[in-house]
1. Out of the stretch 92-115, which residues are in contact with an Asp or Glu (Cβ under 8 Å, 6 or more places away or on another chain) and outside any strand (DSSP E or B)?
2. With the requirement that a residue be without any contact (Cβ under 8 Å) to a residue 12 or more places away in the chain, β-branched (Val, Ile, Thr) and not in a helix (DSSP H, G or I), what does the stretch 173-231 give you?
3. With the structure loaded, tell me whether Leu218 is modelled with pLDDT under 95 and buried (at least 18 other Cβ atoms within 10 Å of the Cβ) or whether it fails that test.
4. Would you check if Glu83 is in a helix (DSSP H, G or I), touching a helix residue (DSSP H, G or I) at 6+ places or on another chain (Cβ under 6 Å) and either open to solvent by 30 Å² or more (accessible area, probe 1.4 Å) or acidic (Asp, Glu) (or both)?
5. Run down Leu169, Leu141, Leu131 and say which single residue is among the aliphatic types (A, V, I, L, M), in contact (Cβ under 8 Å) with a residue 24 or more places away in the chain and open to solvent by 30 Å² or more (accessible area, probe 1.4 Å).
6. Does any residue in the stretch 16-39 that is over 23 Å from Ile168 (Cβ atoms) and without any contact (Cβ under 8 Å) to a residue 12 or more places away in the chain come within less than 7 Å, Cβ to Cβ, of a residue that is assigned to a strand (DSSP E or B) and of a type in the set (Lys, Arg) six or more places away or on a different chain, and which pairs are these?
7. Give the stretch 47-68 a look and list any residue that's in a loop (DSSP other than H, G, I, E, B), open to solvent by 20 Å² or more (accessible area, probe 1.4 Å) and not hydrophobic (A, V, I, L, M, F, W, C), or say none.
8. With within 29 Å of Leu7 (Cα to Cα) and modelled with pLDDT under 90 as the only criterion, which of Leu58, Leu118, Leu62, Leu77 stands out?
Amino acid sequence: MTELSQLNIIQVRALSKKVNTLAGELPILSDISFNVKPGESVAIVGASGSGKSTLLGLLAGLDSTNEGEIYLDSEPLHTLDEEQRAALRAKSIGFVFQSFMLVQSLTAIENVMLPAELAGHKDAKQQAINLLTKVGLEYRLDHFPSQLSGGEQQRVAIARAFVGSPKILFADEPSANLDTKNGQLIESLLFELNQEKDTTLLLVTHDEHLAERCNRILHIDGGHLINDSNGSRAHAV
């Protein structure tokens, strides 16, 4: 690992991803390289089918690369097997999905407690209470997802993502399924917790205004990184 990688919580080098189709290999990502510093917020933007969600999945260890290197929290993610990637996610990563991905048979507090309990945290319940209070759901602890609105479910998902204080949070279109009011609330919570806990934030979005709130914006087009520009927060930090 190079000296440069010690200064970055994420380092991506010549990353490529291809999938096999009946017509042959289809390139999804080609020769992607960039770094992310600890505590930075980065938006990944691009048209549908540009490869941005695939990139996020690779960075989170949810998929494996064909070529290139990914260093995540100083770990060579590209060399790890599925079990090792899962262990790294449990230790260092939180994830917020567009479709919430809550366990329907568990209450709000149980959903938030789950990753902390799996990681062996003895204070999982208190962590869950604190985070659900932080996102304004202290009176909804014992409600099941079916009893919550979409905005409330996404707030539970954010609380779950931050339990255990992950070093990196990935968010895939976190406000896409919400109305404008709830979407803005969710976005504000992400940045508030990002700054308060010094968590590195990487999010995929179609929303230009949301992207502009980040320190940096990575523009993906046709599987290529075509631009790495500053967002509005780059001038405020």
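The values are calculated or read from the model by the stated rules, or taken from the named source; none is laboratory data. These figures come from a predicted structure and were not determined experimentally. Every residue, glycine among them, receives a Cβ derived from its backbone with ideal geometry; neighbour counts consider all protein chains shown. Areas reflect the complete protein model, heavy atoms only, side chains present, ligands, DNA and RNA absent. Shrake-Rupley method; radii C 1.70, N 1.55, O 1.52, S 1.80 Å.
1. Residues satisfying the conditions are Ser92, Phe97, Gln98, Val103, Thr107, Ala108, Ile109.
2. Once the filter is applied, which keeps residues that are without any contact (Cβ under 8 Å) to a residue 12 or more places away in the chain, β-branched (Val, Ile, Thr) and not in a helix (DSSP H, G or I), the stretch 173-231 yields only Ile226.
3. no
4. So Glu83 fails the test.
5. Leu141
6. Every condition considered, the pairs that remain are Glu25/Lys18; Leu26/Lys18.
7. Ser48, Gly49, Asp63, Ser64, Thr65, Asn66
8. Details: Leu58 fails: modelled with pLDDT under 90; Leu118 fails: within 29 Å of Leu7 (Cα to Cα); Leu77 fails: modelled with pLDDT under 90.
None of the others qualify; the one that does is Leu62.
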